[in-house]
Amino acid sequence: MTELATLDLRRLYLFLDFDGTLVDLAPTPDAIHVPDDLPTLLAGLHDRTQGRLAIVSGREVAQIAHFLPTFPGAIYGAHGAESRVDGIDRPHPLAGSATVAAVQAAAADLVATEPALLLERKKTGAVVHYRAAPTKGPAVRAALSDMIAGHPDLVLHASKMAWEIRPADASKAGAVQALMDGQPDDVRPVVIGDDTTDEEAMEVAQTMNGICIRVGEGDTIAPHRLDAPSDVHALLRRWAVQP
Ligand SMILES: O=P(O)(O)OC[C@H]1O[C@H](O[C@H]2O[C@H](CO)[C@@H](O)[C@H](O)[C@H]2O)[C@H](O)[C@@H](O)[C@@H]1O
């Protein structure tokens, strides 16, 4: 932590995941708690980094804006499929498409067979959560895999106690690449995340002399690890008071 805390914040671009990194995981997507001091902390970091602060989440941009309405930085949502940068929204071409509607309808049929499953609809895909039915993971994976079989523009990835369908050309790596484009050579990306799609962002950050921090358990390419969102907050607080 000390080694990380002494990095010069003015030469970093911070890429922060949301669930499991800035907020603790909860039984359902709506049940998360945003700590009262998080918005102020993020606003301070935005100033300190001269605007080099982004949230890169699996959630949609609108969801992040709902939970953090005063967040001043860039937001990439739906695993990089959509963005809001400097107030400009960039939707994905698949948003609201017949392809997505068909997949969501099939996912709804699946969830109707098991009340403990939860369907989360996104404009660009669908998530089936099995946190309340942990043994159903493999069956959910198989069913969603079948659903996208005829759709090469969609991919399936593992999330925490969930399987998610997203556009094949969307990734958190793309978000890091887009925001780092044009940055001065001595600015280093910092990726902090807890999940598989964060690892894709870490891979690209490492090609840019980046710093990667994994939150919680799990295989990772990150050389640094923090145990929980509370430790992430502690690091962010130390950065926020750098002289
Ligand atoms: O990239 P992230 O910001 O970490 O978003 C990943 C997914 O997070 C949410 O699901 C996860 O968190 C829920 C709330 O803690 C939890 O109930 C669920 O089991 C987790 O998978 C969100 O609902 C998804 O849309 C995001 O893709």
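The values are calculated or read from the model by the stated rules, or taken from the named source; none is laboratory data. What you are looking at is a predicted structure, and each value in this text was computed from that prediction instead of being measured. Don't worry about glycine lacking a Cβ; one is built from the backbone with ideal geometry, like all the others, and counts go over all protein chains shown.
Being within 15 Å of the ligand (Cβ to nearest atom) and either of a type in the set (Gly, Ala, Ser) or out of contact with any strand residue (DSSP E or B) (no Cβ under 8 Å at 6 or more places or on another chain) (or both) is the filter here, so list the residues in the range 76-92 that pass it.
Once the filter is applied, which keeps residues that are within 15 Å of the ligand (Cβ to nearest atom) and either of a type in the set (Gly, Ala, Ser) or out of contact with any strand residue (DSSP E or B) (no Cβ under 8 Å at 6 or more places or on another chain) (or both), the range 76-92 yields 77, 78, 80, 81, 83.
Which of the residues belonging to the range 25-51 are over 16 Å from residue 235 (Cβ atoms) and in contact (Cβ under 8 Å) with a residue 40 or more places away in the chain?
Within the range 25-51, 25, 27, 28, 29, 50 qualify.
Determine which single condition residue 10 fails, assuming it passes every other condition in (1) more than 8 Å from the ligand (Cβ to nearest atom); (2) in a loop (DSSP other than H, G, I, E, B).
(2)
Look through 28, 40, 6 and report the one residue that is modelled with pLDDT under 95, farther than 24 Å from residue 178 by Cβ and in the same structural domain as residue 217 (by TED's automatic domain parsing).
6
Across the range 34-64, which residue is surrounded by the most Cβ atoms within 10 Å (Cβ to Cβ) among those that are away from the ligand (no atom under 13 Å from the Cβ) and hydrophobic (A, V, I, L, M, F, W, C)?
Across the range 34-64, the extreme among qualifying residues is 53.
Pull up the range 152-186, narrow it to residues that are among the small types (Gly, Ala, Ser) and part of a helix (DSSP H, G or I), then point me to the one that is surrounded by the most Cβ atoms within 10 Å (Cβ to Cβ).
175
Hey, among the residues in the range 199-243 that are of a type in the set (Val, Ile, Thr) and assigned to a helix (DSSP H, G or I), which one's surrounded by the fewest Cβ atoms within 10 Å (Cβ to Cβ)?
204
Can you tell me which residues in the range 99-122 are part of a loop (DSSP other than H, G, I, E, B) and touching a helix residue (DSSP H, G or I) at 6+ places or on another chain (Cβ under 7 Å)?
Those that are part of a loop (DSSP other than H, G, I, E, B) and touching a helix residue (DSSP H, G or I) at 6+ places or on another chain (Cβ under 7 Å): 114, 117.
Please indicate, with yes or no, whether at least one residue in the range 187-198 is within 12 Å of the ligand (Cβ to nearest atom), surrounded by fewer than 20 Cβ atoms within 10 Å (Cβ to Cβ), free of Cβ contacts under 8 Å to residues at least 60 places away in the same chain and β-branched (Val, Ile, Thr).
yes
Considering only residues that are under 15 Å from residue 94 (Cβ atoms) and touching a helix residue (DSSP H, G or I) at 6+ places or on another chain (Cβ under 9 Å), look in the range 128-161 and name the one that is nearest to the ligand (Cβ to nearest atom).
The extreme case among them is 156.
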